[in-house]
């Protein structure tokens, strides 16, 4: 972890200097692909910038990249370990391996909870209150929805229900502001529509609602490069809708 105390031996170091140093370290750690340290850098960046000022577009994007990669690697690890754990439980030949797999999964879940809690705290306490820009507010509320959704992926019981409710509230708020202030083709608005749809499909197990929400943005996708990741995901949702329709017709036959 980067030790920011070493950056400023003097207690008189200005917030501007700290902000510049943290920005440089965020860029550097991104190039080095050391995303946990990038998270530390952007946390320092937010502390230096807020609540008196907003993040620039570059700073905002660095924040997103840092947390997306820090969480993304752990989400991928969680899926792999969860799959292995299920296989070990199914074999019933060696309970020790199943227990080891479970312990490892629990450890990854603790890391995921910690990273998600960190960004959600920044969003609630600093970033959302500090911004006056509609675009930034939608961006941050979308982020909040995303990280609450990531929690709902592996939480259980009451914790999962609360994470799902928080996801719904954040995405709905982002969607409402985007509808009033951003053009239908704005990438952030489309991102909200996509991720809200994914939430309905993956967390609420409502594929028809997911496809309906995605379809509301379909008339504008002709103006967007279909090779982008978001459009590929939208295309998959529409493919899913077609499959659901075909399945329904077969049931009626």
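The values are calculated or read from the model by the stated rules, or taken from the named source; none is laboratory data. Quantities reported herein were computed from a predicted structural model and do not represent experimental measurements. Note: ideal-geometry Cβ built from the backbone for every residue, glycine included; neighbour counts use all protein chains shown.
Is it true that some residue in segment 177-187 is under 15 Å from the mean Cα position of the chain (by Cα) and closer than 24 Å to residue 70 by Cα?
Within segment 177-187, none of the residues are under 15 Å from the mean Cα position of the chain (by Cα) and closer than 24 Å to residue 70 by Cα.
Of all residues in segment 16-54, count the ones that are surrounded by 15 or more Cβ atoms within 10 Å (Cβ to Cβ) and either modelled with pLDDT of 95 or more or assigned to a helix (DSSP H, G or I) (or both).
25
Mind checking whether some residue in segment 103-110 is touching a helix residue (DSSP H, G or I) at 6+ places or on another chain (Cβ under 8 Å), at pLDDT 95 or above, buried (at least 20 other Cβ atoms within 10 Å of the Cβ) and within 30 Å of residue 175 (Cα to Cα)?
no
Would you say residue 138 is buried (at least 18 other Cβ atoms within 10 Å of the Cβ), more than 30 Å from residue 47 (Cα to Cα) and modelled with pLDDT of 95 or more?
No.
May I ask you to list the residues in segment 76-102 that are within 27 Å of residue 41 (Cα to Cα) and crowded, with 16+ Cβ neighbours inside 10 Å?
77, 78
Considering only segment 134-191, how many residues are more than 21 Å from residue 54 (Cα to Cα) and not in a helix (DSSP H, G or I)?
Going through segment 134-191 one residue at a time, the tally reaches 5.
Among the residues of segment 151-210, write down those that are surrounded by fewer than 15 Cβ atoms within 10 Å (Cβ to Cβ) and under 21 Å from residue 123 (Cβ atoms).
Residues satisfying the conditions are 159, 161, 162, 165, 169, 172, 176, 179, 180, 181, 187.
Run down 229, 253, 239 and say which single residue is at pLDDT below 80, under 19 Å from the mean Cα position of the chain (by Cα) and loosely packed, with under 15 Cβ neighbours inside 10 Å.
Result of the check over 229, 253, 239: 229.
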